[in-house]
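Here the structure is laid out as structure tokens; the discussion comes afterwards.
The values are calculated or read from the model by the stated rules, or taken from the named source; none is laboratory data. As the structure is a computational prediction, the values presented were derived from the model and not from experiment. Every residue, glycine as well, gets a Cβ built from its backbone with ideal geometry; the counts of neighbours run over all protein chains shown.
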Amino acid sequence: MLEKILILLCLSSALAEQPCKPDASDGYKVRLSIKTALGDEAYVWNENEMFLFRATLAFAMRSHLNGQEFDVSNIIVCDETPRVTFWFVVTSPLNTSGLVDKGVVEEAIRMSRNRINSAFLLTDKTLEFIGITPTLTAPVNPDTPPWLIVFGVVMGAVGAGIIVVLVSPLVLKKRKKNEETDEDEEETGVKAVENGSTREGVYNMSFSDDERLTQM
Amino acid sequence: MKLKLPNPGLDDRIPSHGDLEKMEKEEAGDRPKWDNKAQYLLTCVGFCVGLGNVWRFPYLCQSHGGGAFMIPFLILLVLEGIPLLHLEFAIGQRLRKGSVGVWRSISPYLTGVGIASMLVSFLVGMYYNTIMAWIIWYLFNSFQDPLPWSQCPLNANRTGLVEECARSSTVDYFWYRETLNTSTAIDEAGGLQWWMVLSLVAAWILLYVCCIRGIETTGKAVYITSTLPYLVLTIFLIRGLTLKGSIDGIKFLFTPDINELMNPSTWLDAGAQVFYSFSVAFGGLISFSSYNSIHNNCEQDAVLISIINGCTSVYSATVIYSIIGFRATQKFDDCLGDNIWKLMNAFDYPENNITDSNYNEVLAHLNQTNPEIIQGLELQTCDLQSFLSQGVEGTGLAFIVFTEAIIKMPFSPLWAVLFFVMLFCLGLSTMFGSIEGVVVPLQDLRLLPRTWPKEVFCGLTCLISLALGLIFTLRSGNYWLALFDNFAGSIPLLVIGFCEMFAVIYIYGIDRFNKDIEFMIGHKPNIFWQVTWRVVSPLIMIFILIFYFVTQISKSLTYLVWDQESENFPTLEARPYPSWIYVMIFILAGVPSLAIPVFALFKFIQNKCCKKDHNDYTVDTISAKIQMKN
């Protein structure tokens, strides 16, 4: 009788070990790179952290499959390495010897990936589930490209500048003409010739090639 | 060598010293003038210091033996650059005209030189402003965080990155695809890229608003466009020196390799760089000097501007290579980190077991014990020297290498904005000189009515350049620009430069020129100027021209193409030009150069068959004016 019990115990423990092994068909390999992510503030990976991992995964399974109550004992871990990698499998709470399908586990992890990462202060790159590619975040694409906005502002300013530059000498000339017509009415006849700085000098430039100033 | 070619009627065509003094006193002539000396110097410095100082000189320096390159550069600066500059300043100041006016005054047969200058200024201005359009595009795109060239877009079904981007890099993709949308050959024109057209329109309008009234407006603009680059370079130097790896870059740049001095192409490249860097033969410098007062010390100006130009080249090379050193170190660290990651994951070593220092030993050990696994990992060889020499010149430096360095720096948008504003100012001040070199000869040639104001000339030039420049906004636009850069801005300038020197020294006469300079600045030019003007500089220019010609003719003409299908992607692939390109090359390089003899011939024929016209022409000259006053 005693031998039978012993044999049964051995068998059951053997069975219990079987679901989780490296390259299990329904299991996933996990790789953590805590020192890469956190540097000096890295925590040490120990039993407690492993417990948190199993609990987080149980949470993910619960969130995905609403009815079933997964527990920490449903997440079986094996083959830990100093690198901090290990394999895990998920057993169903309804049937402890049956494993949850790989696809279902994957979906559950994808849904709660963010929560799992934050529980460990890690990112998609430093907490890897080998075989589950992280969904890529699309680059932000605003509706109006920002460069068009800057373009509009700059062109508006430049256009205003051009108009100011073109119009201001016209305005000045108009004002000057008004002043000159006032002066002409006062003076008569000959203007002084010696003053070389006024435009009405003796040096007649009408034949010169140099005239380049705008005659607006 | 007192060779002087016969040149009848020279005195009738140019103002005498007496006339010049009178013009100076009466301030007559309604000719534009500089507000102060600083404006003139800043404008000339701005014209000379351009994009070439930032992205051509550092590359040449590093590829031709680093610190040793300074030796040919400085020697040729003194023997070729300074004499040419002094010559252009002096002749412009003396004859008080733009380039066509000056050469026509010296001899009507030389009008072709002025016309060639105008054509070259026009062609170079066309493609140079396209580079400005690219800079504006990048500048406008720098006002966002994260910068658009730091991320790859996702592909259509959002499973991964776009293939072209994943195979090359984010900066490559942004440059070749999102900016240029480049095609794979120069024949494949593609269509006009609307965003490039907008940027080109922006560039030309910005230039127009600054050049609208000649030096009255550019003189104000240069206070900013000529000084801002130095400020930004200093900021980048300070930032660069605080980054990891910058000292490696500077050491790489300046490590001398004396053997390179034996290589003739080092001297050739140094000479060509000095020549193009000084922006002589464009006609712009002659124009700028003609607005000076008659007794301005042009000798001092020439030496000063040459020194500033040389120093700016060296300074910007230091800054650029400090940033390149940072980028190379980052890439090296990333590469090494990647390899260590792969090793750690393959062999399940705990983290931080393999570090940068013991990486090589661990790899050697593992290669002996498990060679097959190591093979399977496909580790990349990380070599800092190869990252440092991925250097580049031209647009590749600014839009690929430097932008990549910027995204690795904290506060990237700030550095991007600063960098592109600096490039913009450098380019804009050079464009001022180009526009001057086109607009003033146009007015001198009297092709259009003289009553038209300067604004219209300037506007017409900008409009026509914009219309023709739309070719650079096609999908193949980058290849067209490289074509223009190689041929429009190289051989014709050398030919014009040589003709200028020959004309002033042997047709105008070195004796007359010496007396003019003595009149202007108070002492005769010393033996250094005599020797360089008469013998050394022309010889150097002939050498460079012949070598240039020979190297261009001997090698088969190819251009670099961005082609996803090619085997070496993302490295650019060399592809031969189609045969009709040779027509284009002839137009770009041949037409300006041939304008000189063609015009001389034309004037010769005109004189021979129509002697009456010759008499009418003299009525316009200054000697006639003097007689009329008496």
Seminar exercise, completed: If we take the stretch B:448-546, then helices (runs of 4 or more DSSP H) inside it with 3 or more residues that are of a type in the set (F, W, Y) are B:477-487
Exercise. Has the stretch B:149-165 got at least one residue that is in contact (Cβ under 8 Å) with a residue 60 or more places away in the chain, surrounded by fewer than 24 Cβ atoms within 10 Å (Cβ to Cβ) and touching a Phe, Trp or Tyr at 6+ places or on another chain (Cβ under 7 Å)?
Worked result: yes
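Examine the stretch B:21-30 for a residue that is aliphatic (A, V, I, L, M) and surrounded by fewer than 22 Cβ atoms within 10 Å (Cβ to Cβ), and state whether such a residue exists.
Taking the stretch B:21-30 as the starting set, the residues that turn out to be aliphatic (A, V, I, L, M) are B:23, B:28.
Going one step further and asking which of them are surrounded by fewer than 22 Cβ atoms within 10 Å (Cβ to Cβ), we end up with B:23, B:28.
Looking through the stretch B:21-30, at least one residue is aliphatic (A, V, I, L, M) and surrounded by fewer than 22 Cβ atoms within 10 Å (Cβ to Cβ).
Confirm whether B:G271 is within 19 Å of B:C311 (Cα to Cα) and touching a Phe, Trp or Tyr at 6+ places or on another chain (Cβ under 8 Å). Step through it out loud before you land on a result.
Numbers: within 19 Å of B:C311 (Cα to Cα): yes; touching a Phe, Trp or Tyr at 6+ places or on another chain (Cβ under 8 Å): yes.
Judged against the criteria, B:G271 is a match.
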Exercise. So B:D145 fits all but one of (1) within 14 Å of another protein chain (Cβ to nearest Cβ); (2) buried (at least 21 other Cβ atoms within 10 Å of the Cβ); what number is the exception?
Worked result: (2)
Seminar exercise, completed: Only one of (1) in contact with a Leu (Cβ under 8 Å, 6 or more places away or on another chain); (2) farther than 21 Å from B:F399 by Cα does not apply to B:V201, and that is (2)
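For the subset of the stretch A:128-182 comprising residues that are small (G, A, S) and part of a loop (DSSP other than H, G, I, E, B), which member is farthest from the other protein chains (Cβ to nearest Cβ)? Break it down into steps so the answer makes sense when it comes.
To start, the set of residues in the stretch A:128-182 that are small (G, A, S) comprises A:131, A:138, A:152, A:156-157, A:159-161, A:168.
Narrowing the set further to residues that are part of a loop (DSSP other than H, G, I, E, B) leaves A:131, A:138.
Values: A:G131: 14, A:A138: 5 Å.
Restricting to residues being small (G, A, S) and part of a loop (DSSP other than H, G, I, E, B), the top hit is A:G131.
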Problem set entry | Residue, surrounded by the most Cβ atoms within 10 Å (Cβ to Cβ), within the stretch B:105-138, restricted to residues that are over 17 Å from the mean Cα position of the chain (by Cα) and of a type in the set (G, A, S) | B:G114
Exercise. Among the residues of the stretch B:526-569, which ones are surrounded by fewer than 15 Cβ atoms within 10 Å (Cβ to Cβ), farther than 30 Å from B:Q300 by Cα and of a type in the set (S, T, N, Q)?
Worked result: B:T551, B:S554, B:S556, B:T558, B:Q564, B:N568
For this session: Looking for whichever is away from chain A (no Cβ under 14 Å), within 20 Å of B:I546 (Cα to Cα) and at pLDDT 90 or above here; the options are B:G469, B:G497, B:G489. Which one fits?
Result: B:G497
Problem set entry | Single match in B:L428, B:L388 (criterion: of a type in the set (A, V, I, L, M, F, W, C) and under 17 Å from the mean Cα position of the chain (by Cα)) | B:L428
Exercise. Got at least one residue in the stretch A:106-115 being more than 16 Å from A:L65 (Cα to Cα), of a type outside the set (K, R) and either surrounded by fewer than 13 Cβ atoms within 10 Å (Cβ to Cβ) or away from every other protein chain (no Cβ under 14 Å) (or both)?
Worked result: yes
For this session: Examine the stretch A:126-144 for a residue that is surrounded by 12 or more Cβ atoms within 10 Å (Cβ to Cβ), at pLDDT 60 or above, in contact with a Lys or Arg (Cβ under 8 Å, 6 or more places away or on another chain) and within 28 Å of B:I212 (Cβ to Cβ), and state whether such a residue exists.
Result: no
Problem set entry | Unique match (being over 30 Å from B:G214 (Cβ atoms), surrounded by fewer than 17 Cβ atoms within 10 Å (Cβ to Cβ), more than 14 Å from every other protein chain (Cβ to nearest Cβ) and of a type in the set (A, V, I, L, M)) among B:L397, B:L384, B:L363, B:L388 | B:L363
Exercise. Which one of these is within 25 Å of the chain's Cα centre (by Cα), within 14 Å of another protein chain (Cβ to nearest Cβ) and either assigned to a helix (DSSP H, G or I) or surrounded by fewer than 23 Cβ atoms within 10 Å (Cβ to Cβ) (or both): B:V54, B:V78, B:V102, B:V45?
Worked result: B:V102
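Looking at the stretch B:262-277, can you tell me whether even one residue there is among the aliphatic types (A, V, I, L, M), surrounded by fewer than 16 Cβ atoms within 10 Å (Cβ to Cβ) and out of contact with any Ser or Thr (no Cβ under 8 Å at 6 or more places or on another chain)?
Restricting attention to the stretch B:262-277, the residues satisfying the condition of being among the aliphatic types (A, V, I, L, M) are B:262, B:268, B:270, B:272, B:274.
Those left that are additionally surrounded by fewer than 16 Cβ atoms within 10 Å (Cβ to Cβ): B:262.
Filter again for out of contact with any Ser or Thr (no Cβ under 8 Å at 6 or more places or on another chain), leaving B:262.
Yes; the residues of the stretch B:262-277 include at least one that is among the aliphatic types (A, V, I, L, M), surrounded by fewer than 16 Cβ atoms within 10 Å (Cβ to Cβ) and out of contact with any Ser or Thr (no Cβ under 8 Å at 6 or more places or on another chain).
If I ask for residues that are buried (at least 18 other Cβ atoms within 10 Å of the Cβ) and modelled with pLDDT under 85, which ones from the stretch A:92-105 would you list? Write out each step before concluding.
Going through the stretch A:92-105, the residues buried (at least 18 other Cβ atoms within 10 Å of the Cβ) turn out to be A:93, A:99-100, A:105.
Answer for the stretch A:92-105, where residues must be buried (at least 18 other Cβ atoms within 10 Å of the Cβ) and modelled with pLDDT under 85: A:P93, A:L99, A:V100.
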Exercise. Scanning the stretch B:356-403 for residues that are closer than 30 Å to B:G427 by Cα and of a type in the set (V, I, T), which turns out modelled with the lowest pLDDT?
Worked result: B:V392
Exercise. Which one is farthest from B:S168 (Cα to Cα) among residues in the stretch B:554-573 that are part of a loop (DSSP other than H, G, I, E, B) and among the small types (G, A, S)?
Worked result: B:S556
Exercise. Limited to the stretch B:153-170, what total is found for residues that are facing another protein chain (nearest Cβ under 8 Å) and closer than 30 Å to B:A202 by Cα?
Worked result: 1
For this session: Select from the stretch B:194-219 the residues that are more than 9 Å from chain A (Cβ to nearest Cβ), more than 20 Å from the chain's Cα centre (by Cα) and buried (at least 21 other Cβ atoms within 10 Å of the Cβ) and list them in ascending order.
Result: B:M196, B:I215, B:G219
For this session: Kindly establish whether B:S579 is small (G, A, S) and loosely packed, with under 15 Cβ neighbours inside 10 Å.
Result: yes
Problem set entry | B:Y176 within 14 Å of chain A (Cβ to nearest Cβ), surrounded by 15 or more Cβ atoms within 10 Å (Cβ to Cβ) and either of a type in the set (S, T, Y) or assigned to a loop (DSSP other than H, G, I, E, B) (or both) | no
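Report yes if B:K22 is within 14 Å of chain A (Cβ to nearest Cβ) and part of a helix (DSSP H, G or I), otherwise no.
Working: within 14 Å of chain A (Cβ to nearest Cβ): yes; part of a helix (DSSP H, G or I): yes.
Taking the combined requirement at face value, the residue satisfies it.
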